[in-house]
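Below is one structure, written out as structure tokens; the observations come after it.
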Amino acid sequence: MSGASTTAHSVVEPSGTSKRIAGFLVILYAVVSMIPLAWIFATGWKTPPDSISYPPKVVFEPSLEGYCNLFTTRTRQTAAYIEELGPPQGECDEVTRRREMVIAGSSNYVPRFINSLVIAFGSTFLAVSLGVFSAYAFSRFKIPLADDLLFFILSTRMMPPIAVAIPIYLMYRELGLSDSALGMILLYTAVNVSLAVWLLKGFIDEIPREYEEAAMIDGYTRLHAFFKVVLPQAATGIAATAIFCMIFAWNEYAFAVLLTSGQAQTAPPFIPTIIGEGGMDWPAVGAGTTLFLIPIVVFTVLLRKHLLRGITFGAVRK
Amino acid sequence: MAEVRLESVTKRFGDVVAVDGIDLTVADGEFVVLLGPTGAGKTTTLRLIAGLESPNVGRVFLNGRDAARLSPAERDVAFVFQQYSLYPHLSVFENLAFPLRSPARRLDEATIKATVERVAAMLRIEQKLQNRATRLSGGEMQRVAIGRALVRSPSIYLMDEPLSSLDAKLRSDMRLELQHIQRDLGATMLYVTHDQIEAMTMATRIGVLDRGRLVQIGTPREIYESPRNIYVATRLGMPSINLLPTEALAGLPLPPGVTTVGARTEHVVVERESGGQSGQVAARVEWIEHLGDQNHLHLALGEHRLVTLVNPDMRLAVGDELGLSLRSPLYFDAAGERIAA
Ligand SMILES: Nc1ncnc2c1ncn2[C@@H]1O[C@H](COP(=O)(O)OP(=O)(O)OP(=O)(O)O)[C@@H](O)[C@H]1O
Ligand SMILES: [Mg+2]
């Protein structure tokens with residue numbers, strides 16, 4: 001992070017035309033990047049035949065089948081057997097019977113989704129907490145070899161984490177961390193913590209020491225001053241860091257495939273394994289992906305408000 | 001209340017010697033002002049006393065106790081920072097209440113409220129209590145910062161240019177207010193300023209710092225009337241002291257060894273009749289600035305310049321020739337040290 005200057009306003013107000021062109025380009029870019037998402041969202045509401053029809057259907061009759069299939073497992077039965085069952089219970093039952101199947105139980109989507117939540121929030125919390133404490137230490141104390149340590153911390157991100165997948169796989173197997181939520185939390189924390197330290201150090205460097213010094217003179221310990229004065233002012237940085245950590249942990253696929261298969265499996269490796277009759281069940285995948293996007297969007301939108309609030313603005317005379 | 005003693009304290013930052021072997025005692029209830037140009041080590045001296053820096057050499061005593069092992073919180077000092085650093089995430093009220101809410105104190109809410117309101121009224125910021133600390137003018141922020149020191153009754157107040165961004169009227173009001181507070185509480189105060197009037201009117205003693213060294217300390221009168229050297233002499237006086245080499249004053253009686261004469265405005269006597277009187281040198285009026293009750297008179301003595309105050313009644317015009325004499329000025333030797341007349 002550069003020491004962002006607060007005075008970098010452009011002097012000349014852009015003209016109306018250039019504003020309109022810029023606005024058009026931004027909207028165009030947004031629309032183009034939204035197309036895949038829109039397609040996934042639409043697919044979630046299609047029937048399996050509609051989802052693979054060619055040419056692709058843009059207009060279709062919405063169906064709950066994708067969402068039903070996402071949350072349930074089904075078995076094929078004879079028409080006679082289904083006849084005997086009596087009236088269908090609820091929308092999903094009906095949709096399923098139309099395909100000559102009955103609901104056998106609930107799918108693994110909900111537990112996988114909960115795993116994702118636990119692991120992503122757990123590792124984000126850990127990475128940001130560890131990050132904010134070490135960033136504070138690097139920012140405020142004379143640490144021997146501080147620059148080398150910081151470089152070392154960053155260097156852990158200089159190759160793709162998956163490059164060390166095999167050693168981690170072996171290590172985890174020995175330690176009994178394979179396929180455990182704890183193992184995944186530790187792994188994602190380890191990957192995110194270097195980013196967290198660097199980002200947060202930049203933010204904490206910007207907070208004048210006088211704030212803590214004033215608090216310490218006023219009778220607070222350094223730890224108190226840290227919680228009462230530094231943390232609130234680092235809120236912006238903490239929010240930004242948490243978003244980055246969260247997005248990584250939420251979307252991570254490769255390690256999740258390698259290290260989790262049952263118990264601790266997260267949603268990303270689970271969603272593509274949703275197999276329907278005779279191939280992928282695309283509506284269920286679409287539905288699963290749509291729901292999977294909700295938490296990260298909510299998280300980002302909630303913290304975004306915080307991001308935009310420049311709270312340390314102007315209380316220190318420079 | 002308390003006494004502060006610095007014993008040959010030195011503080012270095014890398015190659016910079018910010019404070020260089022300072023010995024200083026601030027007695028209980030005393031108001032000591034530190035004067036010195038920028039970078040002289042004033043802030044560093046206060047920070048050493050507050051425990052925000054630890055000396056490389058020497059010791060700091062608070063109430064006769066070596067403070068080396070005391071944390072800032074344990075030293076019972078209040079510090080008004082030069083950069084006033086209010087907490088931007090808190091309201092003015094919460095900023096003022098912050099020291100009272102510290103774990104070391106644990107006051108009840110009613111006491112806190114009463115104290116904050118009393119101090120806010122004193123500093124005339126009571127209408128701003130609900131404002132965010134960032135929504136204040138510079139002068140208001142500065143008053144809140146002073147307020148944060150005044151809500152407590154610490155044994156020592158350390159103030160680093162606390163009035164520097166107030167307008168002239170408010171500054172003189174606050175100056176009186178601080179003096180009253182200090183006297184009423186019998187507080188020990190160490191106060192940094194660049195403002196001569198503050199130094200002269202508030203201080204029990206003034207300490208003059210030069211590149212980390214304490215050059216002289218004494219009552220305002222001593223510093224003004226008997227400065228130890230040229231450096232100290234130039235710190236006080238409006239307009240500032242005129243330093244004239246002896247050549248410019250040929251014809252005036254001077255003690256032996258003098259190379260520079262320091263003439264404050266009260267040492268300078270000008271008379272209209274120019275010409276050969278003994279004990280006078282010829283001066284020409286170069287420029288006159290009208291200040292209302294007095295005039296700044298810029299004089300040329302050959303190629304040297306001199307500024308003094310004259311009564312506007314003495315109707316002078318640019319180009320007038322005057323006779324100038326000196327009444328017990330200050331004499332300095334080649335090293336800049338003062339020679340007693
Ligand atoms: N934390 C620091 N690191 C390095 N050098 C420092 C530090 N603090 C102060 N100094 C140096 O020490 C010297 C004295 O600084 P100090 O802040 O005490 O000056 P000052 O008398 O308060 O000046 P001013 O009137 O401008 O506030 C300066 O040369 C300054 O650059
Ligand atoms: Mg200073």
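Remarks
- Taking trypsin sites (Lys or Arg not before Pro) across segment A:231-309, the ones in a DSSP loop with at most 13 further Cβ atoms lying within 10 angstrom of their Cβ are A:Arg309.
- Database remark: amide H of B:Thr188 closer than 5 angstrom to the amide H of B:Ala2, B:Gly29, B:Tyr157 (H placed geometrically; neighbours at sequence offset of 5 or more, or on other chains; Pro and chain starts carry no H).
- Over the protein assembly as shown: helical MRE at 222 nm, DSSP H runs n ≥ 4 each giving -39500 (n - 2.57), nearest 500: -13000 deg cm²/dmol
- A viscosity of 0.890 mPa s and a temperature of 25 °C, combined with the Kirkwood radius over C-alpha pairs in the Stokes-Einstein formula, give segment A:80-237 a diffusion coefficient of 123 µm²/s.
- Given chain B, longest segment not containing exposed loop trypsin sites (Lys or Arg not before Pro) (DSSP; at most 12 other Cβ within 10 Å): B:107-271
- Remark on segment B:242-339: hydrodynamic radius 13.8 angstrom, per the Kirkwood mean of 1/r across alpha carbon pairs.
- Binning the alpha carbon pair distances of segment B:55-113 at 10 angstrom intervals from zero yields the distribution 17, 38, 30, 14, 1, expressed in whole percent.
- Counting only cysteine Cβ atoms and a cutoff under 4.7 Å, the protein assembly as shown contains unmatched residues A:Cys245.
- FRET efficiency for B:Ala250 and B:Asp15, using Cβ-Cβ distance with R0 set to 41 Å, rounded to 0.05: 0.35
- Over the protein assembly as shown, equivalent-ellipsoid semi-axes from the Cα gyration tensor in Å: 77, 28, 23
- Proximity of backbone amide H atoms, modeled 1.01 Å from N, is registered between B:Gln294 and no other residue at under 5 Å, excluding neighbours fewer than 5 places apart on the same chain.
- Mean-position separation - Cα centroids, segment B:65-96 and segment B:35-63, in angstrom: 15 Å
- In Hz, Karplus ³J(HN,Hα) per residue of segment A:223-237 (6.51, -1.76, 1.60; θ = phi - 60°; x = Gly, Pro): 5, 4, 4, 4, 6, 7, 10, 6, 4, x, 7, 8, 3, 4, x
- The trypsin sites (Lys or Arg not before Pro) of segment A:65-157 meeting both criteria, a DSSP state outside H, G, I, E and B (loop) and at most 10 other C-beta atoms within 10 angstrom of the site's C-beta, are A:Lys142.
- For B:95-101, mean number of other protein chain Cβ atoms within 10 Å: 3
- Pairwise FRET efficiency - A:Phe24 versus B:Ser172, Cβ, R0 = 60 Å, nearest 0.05: 0.50
- What the Cα convex hull of segment A:22-135 gives, in volume per residue, is 171 Å³.
- For chain A, the spread of Cα positions along the three principal axes, ordered from largest to smallest, is 83, 63, 38 Å.
- Using every pair of distinct Cα positions in segment B:157-277, the Kirkwood expression returns a hydrodynamic radius of 16.9 angstrom.
- Per-residue ³J(HN,Hα) for segment B:291-298, Karplus 6.51 cos²θ - 1.76 cosθ + 1.60, θ = phi - 60°, Hz, x for Gly and Pro: 9, x, 6, 9, 10, 7, 10, 9
- Peptide B:69-81 shows a mean partner chain C-beta count of 4 within 10 Å per residue C-beta.
- Taken over chain B, the convex hull of the Cα atoms encloses 162 Å³ per residue.
- Within chain A, longest stretch free of exposed chymotrypsin sites (Phe, Trp or Tyr not before Pro) [DSSP loop, at most 14 other beta carbons within 10 Å]: A:1-140
- Amide H to amide H distances under 5 Å link A:Met101 with A:Gln77, where only residues 5 or more positions off or on other chains count and H is placed in the peptide plane.
- Among B:Asp173, B:Asp195, B:Asp210, the residue with the largest mean-square fluctuation in a Gaussian network model of chain B, with springs joining Cα atoms closer than 10 Å, is B:Asp173.
- Here is the list for segment A:37-105: GluC sites (Glu not before Pro) lying in DSSP coil, each with at most 15 other C-beta atoms within 10 angstrom of its C-beta, are A:Glu100.
- Rounded Å value of the spacing that divides the Cα centres of segment A:150-176 and segment B:222-292: 78 Å
- Lysine pair count for the protein assembly as shown (Cα-Cα distance under 19 Å; residues 8 or more apart in sequence or on different chains): 7.
Where a number appears in this text, it was derived from the coordinates with a stated rule and is not lab data. Not measured: the values here are computed from a predicted model. Positions of Cβ are generated from backbone atoms using ideal geometry, with glycine treated the same way; all protein chains shown enter the neighbour counts.
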